[in-house]
Amino acid sequence: MKFRFKQWDLGSKLIFIATCLAIASFFFKWLDIGVAAENGFLQGGVFFIVCFIYPLLKVVREKKMNKIIAYACALVAIFLTMMYVSSKTVDFFGETIRGAAAGPYLFLASCGLLSFGIFSRKF
């Protein structure tokens with residue numbers, strides 16, 4: 001199996017870039033509440049990458065992708081990320097505090113890029 005990035009279509013390149021962005025988001029802060037700050041590895045966000053495995057494997061192996069399964073993976077990743085962000089929002093003395101930092105939002109953007117890559121993929 002050779003890695004031929006230049007021969008891939010736009011959708012395949014976007015899926016690969018989205019996966020790289022998702023992995024990079026784990027190094028960003030996922031929780032920041034002032035006294036505590038943790039990255040995606042410590043917060044368990046790294047398990048969300050499972051949703052990127054099917055589309056990435058189909059791209060790297062240059063196989064035909066079932067777009068329904070791929071869209072389901074992207075939708076699950078978006079849903080899990082939104083659940084994570086909403087779970088880190090708390091009320092503190094009558095004021096809403098958002099504890100989610102930049103990491104989950106970058107991961108959410110990579111999920112959007114993944115969805116667009118699935119849409120743009122030729123086969």
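Here are some notes:
- Near pairs, Cβ below 7 angstrom, 6+ apart or cross-chain, from the stretch 70-94 (basic (K, R)) to any residue that is open to solvent by 60 Å² or more (accessible area, probe 1.4 Å): K88/R98
- Selection from the stretch 39-53 of residues that are over 14 Å from L108 (Cα atoms) and either surrounded by 17 or more Cβ atoms within 10 Å (Cβ to Cβ) or in contact (Cβ under 8 Å) with a residue 60 or more places away in the chain (or both): N39, Q43
- The selection criterion, being of a type in the set (V, I, T) and assigned to a helix (DSSP H, G or I), does not hold for I97.
- Checking F47, F52, F26, F5 one by one, the residue that is under 20 Å from F116 (Cβ atoms) and either at pLDDT 90 or above or touching a Leu at 6+ places or on another chain (Cβ under 8 Å) (or both) is F52 and no other.
- Of all residues in the stretch 31-54, exactly one satisfies the criterion of being charged (D, E, K, R) and under 29 Å from A72 (Cα atoms), namely E38.
- Of everything in the stretch 57-94 that is in a loop (DSSP other than H, G, I, E, B) and of a type outside the set (G, A, S), the residue that is surrounded by the most Cβ atoms within 10 Å (Cβ to Cβ) is M65.
The values are calculated or read from the model by the stated rules, or taken from the named source; none is laboratory data. Source: prediction; values computed, not measured. Don't worry about glycine lacking a Cβ; one is built from the backbone with ideal geometry, like all the others, and counts go over all protein chains shown. Each accessible area value is taken on the protein alone, full model and side chains, heavy atoms only, with ligands, DNA and RNA left out. Shrake-Rupley method; radii C 1.70, N 1.55, O 1.52, S 1.80 Å.
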